[in-house]
Amino acid sequence: MSRFENFWRRKRILFAVILLLLAQAACKGQETQANLRRQLARVVEGTRNGPFRADWDSLAGYRIPSWYRDAKFGIFIHWGVYSVPAFGNEWYPRNMYIEGSAEFKHHVEVYGPQAKFGYKDFIPQFRAEHFDPDAWVDLFARAGARYVVPVAEHCDGFAMYNSGITVWNATKMGPHRDIVGALETATRKRGLHFGVSSHRAEHWWWYGGGMKFDSDVRDPANAGIYGPAQPMTLSGEDGSKQPDPNHLERWLPPDTDFLDDWLARSSELADKYHPDFMYFDWWIGQPAFQSYLKRFAAYYYNQAAARKQGVVLTYKDRDFPENTAVLDIERGKLDALRLLPWQTDTSVSIKSWGYVKKDEYRDAKSLIGELVDVVSKNGNLLLNVGPKADGTIPDEARAILLDMGRWLAANGEAIYGSRPWLLYGEGPTTVASSALNSDKQDFTPEDIRFTTHNGALFAIALGWPASGELRVRSLWKGTPYLDGPVCSVQLLGQTGELAATQREDGLHIQLPAARPDEPAFAFRIQTVGPAGEVCGSGSVPASR
């Protein structure tokens, strides 16, 4: 064979390979579109059959399950491809395409221009080689968590589960493993409740910055991971600042194709993993999502009702009417008791939800104080950890979780299964809604939070008085808030009763001489019943 003939032979082979790859890609695209259409058809059918319809009046019949009200404490997991660069925060995949941002400069300096090395090129490096779902769940159980919620898809568009709607998922790429499915199996095996979160809504504008300069976002071959890459606002602006959720009406609304895709992916998660808990991030508040939210909620609730499963669906701000789902406040708190159960989600880390190098971490004392404060106001705490790309959990996060678990092992009676009292607490520290990354609260020994459980009132002191006496001002002699006088006070984790006297200025509790090595101190308080029953047989009024 001549050199000329050999050259054209190689050309024909290369051309045939390209045609084969294009045909395979087209088949995959057709398959995912067919799966999307089938999923949407299931949603239509599922909203027609069951106790709930896709309207707010019907969805107002939703009731929060008792398992969630009893659980109080869950673990959130932000883990994805963004843990590979581990720079800035989990918004790296967006900000690396915003010209002038720190992430943009870092990316060009370390990895080269975005046209040559884009976010998709981190996927092969996301190997998760040390991921052990059973070891993770064992750690979470030792921390005292009662439910586990991995991020199923963050705003970056890479699904951490075996999706039939996108090939850009962890089963087909990167780890080549169904991460969500593995965690579901490990979680349920341990007897904990399982949930998932979706941040897909923000993907509409997530990569918009990459359309403004020479980057791989502009390559149609990458539309499955980057598309639709729209501008953030109606005016076409696409800045690097965190957007303001209070002005969603100024944003470019998503189109029907994107909204259908969002509904298909969300309901696919519900069908594949039957989660007890589903969390949506904030951009579902964009007005265009309203009809889709109603359809998803009706489908999710109906499917759960058919399985006799109590489920929780969370929302932020005013995205749902408050009696149709559960309010979640990100890195923030309420300053008063709420009659409807609610939740705060925060992280052990301060700079990022996902893992980044040189992050800063909260301490267990501040997080236990936050848990106590939230529970006293009828809330739950969903605490986030960000694993490394190889599947290991940072030592700092592990130590915090184990410290929390030790406290809950001794004081869980005041937390798990508890309900709020008539007053959430007392003390000088005012807890207002917190701004992002500033949710650490410094409590004093005079700050006390109340819960009730099994007929007892628990007063949880968030500090240890130097005087050797704790005064609970709300429990003064003759207070109408109790069914009778206090007749027994015990410090959880200690044996025996403590000397205590009710006076006009409060309940005075004599503390042990040696201060326990704890960040917060739970006192079980029991009363004489209204008919003179023995101590502890009376009831302590609760708000709900």
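The values are calculated or read from the model by the stated rules, or taken from the named source; none is laboratory data. The model shown is predicted, which means the values in this text are computed figures rather than measured ones. As a convention, Cβ positions derive from the backbone with ideal geometry for all residues, glycine included, and neighbour counts pool all protein chains shown. Ligands, DNA and RNA are stripped out before the accessible areas are found, and what is left, the full protein with its side chains, is counted by its heavy atoms. Shrake-Rupley method; radii C 1.70, N 1.55, O 1.52, S 1.80 Å.
Identify, by number, the condition in (1) crowded, with 24+ Cβ neighbours inside 10 Å; (2) touching a residue at least 60 places away in the same chain (Cβ under 8 Å) that THR166 doesn't meet. Going through (1) crowded, with 24+ Cβ neighbours inside 10 Å; (2) touching a residue at least 60 places away in the same chain (Cβ under 8 Å) one by one, THR166 breaks only (1). Find the residue count for segment 308-345, including only residues that are closer than 30 Å to PHE443 by Cα and crowded, with 16+ Cβ neighbours inside 10 Å. So the count comes out to 19. Checking segment 202-214 against the condition returns a match, with at least one residue being under 30 Å from ARG307 (Cβ atoms), of a type outside the set (Asp, Glu) and at pLDDT 95 or above. Of all the listed residues (ARG177, ARG127, ARG188), the sole one being within 25 Å of GLN343 (Cβ to Cβ), of a type in the set (D, E, K, R) and not in a strand (DSSP E or B) is ARG188.
If only residues of segment 494-544 that are part of a loop (DSSP other than H, G, I, E, B), of a type in the set (Gly, Ala, Ser) and at pLDDT 95 or above are counted, the one that is most open to solvent (accessible area, probe 1.4 Å) is ALA499. Number of residues in segment 498-532 that are in contact with a Ser or Thr (Cβ under 6 Å, 6 or more places away or on another chain) and free of Cβ contacts under 8 Å to residues at least 60 places away in the same chain: the value is 2.
Candidates ALA102, ALA60: the one that is within 22 Å of MET211 (Cβ to Cβ) and open to solvent by 20 Å² or more (accessible area, probe 1.4 Å) is ALA102. For segment 434-451, what are the residues that are open to solvent by 10 Å² or more (accessible area, probe 1.4 Å) and at pLDDT 95 or above? Correct list: GLU446 only.
Out of segment 346-396, which residues are of a type outside the set (S, T, N, Q), outside any loop (DSSP other than H, G, I, E, B), within 21 Å of GLY427 (Cβ to Cβ) and open to solvent by less than 10 Å² (accessible area, probe 1.4 Å)? Hits for segment 346-396 are LEU367, ILE368, GLY369, GLU370, LEU371, VAL372, ASP373, VAL374, VAL375, GLY379, LEU381. Of all residues assigned to segment 118-133, at least one qualifies as being within 29 Å of VAL326 (Cα to Cα), of a type outside the set (S, T, N, Q) and touching a helix residue (DSSP H, G or I) at 6+ places or on another chain (Cβ under 8 Å).
Each residue in segment 242-301 was checked for being of a type in the set (Val, Ile, Thr) and buried (at least 24 other Cβ atoms within 10 Å of the Cβ), and 1 pass.
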